[in-house]
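Take a look at the structure set out below.
The values are calculated or read from the model by the stated rules, or taken from the named source; none is laboratory data. Keep in mind it's a predicted model, so treat the numbers as computed, not measured. Every residue, glycine among them, receives a Cβ derived from its backbone with ideal geometry; neighbour counts consider all protein chains shown. These area figures cover heavy atoms from the full protein model, side chains too; ligands, DNA and RNA do not enter into them. Shrake-Rupley method; radii C 1.70, N 1.55, O 1.52, S 1.80 Å.
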Amino acid sequence: MIKVSIIGATGYTGSELIRLLILRDDIEFNYLTSTRLAGQSVATYYPHLSGLIDLTFSDYQSESVLGESDVVFVCLPHGHAMNLVKEAQNYPVKLIDLSPDFRIKDRAVYEEYYQVKQTAPEFLETAVYGLPEINRERIKDARLIANPGCFVTSALLGLLPIINSTLIDTQSIIIDAKSGASGAGKSANTATLLAELQGNFKAYNVLKHRHIPEIEQELQAQTKQPVQIQFTPHLLPIERGIFTTIYVNLTEKVNEAALHQMFQEKYSEEAFIQVLPIGQLPELKSIRGTNNCQLQIQVDERTNRLIILVILDNLVKGASGQAVQNMNIMFGLTETKGLNLMPLVP
């Protein structure tokens, strides 16, 4: 049995981890922490778990949570994981951090975009960026995983098959992304109230979104060409899902079928990445509640531009599902264990 604890178990990513792990016969929950709800029954707070779990939320105590767990998922806002990682060095525990604290390798860039001090820079190089499609071998032996951002996951999966090719101008990348409201977290916020969202659609953080340096960093690691992106996020009036449309200039005339074949070959061995048949466009309902990512490409011959369409569930492949995928790899399990999920349709 793998002894699992979740720090910050009442947020969206924490609750999604519980959903994905609760029925597994190889998982035992040790601690589900919540400062606000310590002592309260998990099933009382999450009535949909009635009859499935007999635990209470607890305060975080490093000796018990880190000392008695095989793996700990950290589901806290940015700035909180750094001390936890330092404490974890005293225990033989693996950490999967769903915050951005160890994603960005440049300390100064992290501090600029997140407006907090990076107080554990000594772990930036050893933290493994947890996108299995590029770092599977490093994830196997990792003690600390920096789980990627949800927007970033969609952008990287869309661009990985082509980013190292001379067929594109890597400084012309435009990423137009839309996310459901759960991507903003569970904290009370007027902007994400149903009354504010319903019938509305808007962009936000247009020039300074925190995922910009993360996307550029990981793309740059895949190519020797200079990479620059234009990233604009939008908020959809739905609970979950990400739809990312990527535009990139081609450097020569390219056959669409040949490019499509390139994408298929890139992901032919990836269980969760589905390149759709030519002509079929992705729809968010096709991946809702799953760890799947669906892609499609089209070439605009008039503008000589490649268009890449990517969809995924921001709470699953964009967060908690990817974290479980990483856990499976770290413990030598079948990567798809517990993640072969049917989409929630309708």
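Here are a few things to note about the model shown:
- Search result, residues across the stretch 295-324 that are among the polar types (S, T, N, Q), in contact with a helix residue (DSSP H, G or I) (Cβ under 7 Å, 6 or more places away or on another chain) and open to solvent by 20 Å² or more (accessible area, probe 1.4 Å): GLN298
- Qualifying residues in the stretch 44-60 (those that are in contact (Cβ under 8 Å) with a residue 12 or more places away in the chain and either outside any loop (DSSP other than H, G, I, E, B) or closer than 20 Å to LYS94 by Cα (or both)) - the one least open to solvent (accessible area, probe 1.4 Å): LEU49
- Of all the residues in the stretch 71-94, those that are open to solvent by 10 Å² or more (accessible area, probe 1.4 Å) and either in a strand (DSSP E or B) or β-branched (Val, Ile, Thr) (or both) number 1.
- Some residue of the stretch 325-346 being open to solvent by less than 10 Å² (accessible area, probe 1.4 Å), assigned to a strand (DSSP E or B) and either among the acidic types (Asp, Glu) or touching a strand residue (DSSP E or B) at 6+ places or on another chain (Cβ under 9 Å) (or both): no
- Single residue of GLY183, GLY149, GLY130 found to be crowded, with 22+ Cβ neighbours inside 10 Å and out of contact with any Gly (no Cβ under 9 Å at 6 or more places or on another chain): GLY130
- Annotation for the stretch 276-286: no member residue is crowded, with 21+ Cβ neighbours inside 10 Å and either within 17 Å of PRO148 (Cβ to Cβ) or among the basic types (Lys, Arg) (or both).
- Cβ separations smaller than 7 Å between residues 6+ apart or across chains give no pair from the stretch 83-97 residues that are closer than 13 Å to VAL128 by Cα to residues that are in a helix (DSSP H, G or I) and open to solvent by 80 Å² or more (accessible area, probe 1.4 Å).
- No other residue among ARG19, ARG24 is open to solvent by less than 40 Å² (accessible area, probe 1.4 Å), farther than 20 Å from GLY79 by Cβ, outside any strand (DSSP E or B) and not polar (S, T, N, Q) apart from ARG24.
- Screening the stretch 200-237 for residues that are over 14 Å from ILE174 (Cα atoms), among the hydrophobic types (A, V, I, L, M, F, W, C) and outside any loop (DSSP other than H, G, I, E, B) and picking the one that is least open to solvent (accessible area, probe 1.4 Å) gives LEU235.
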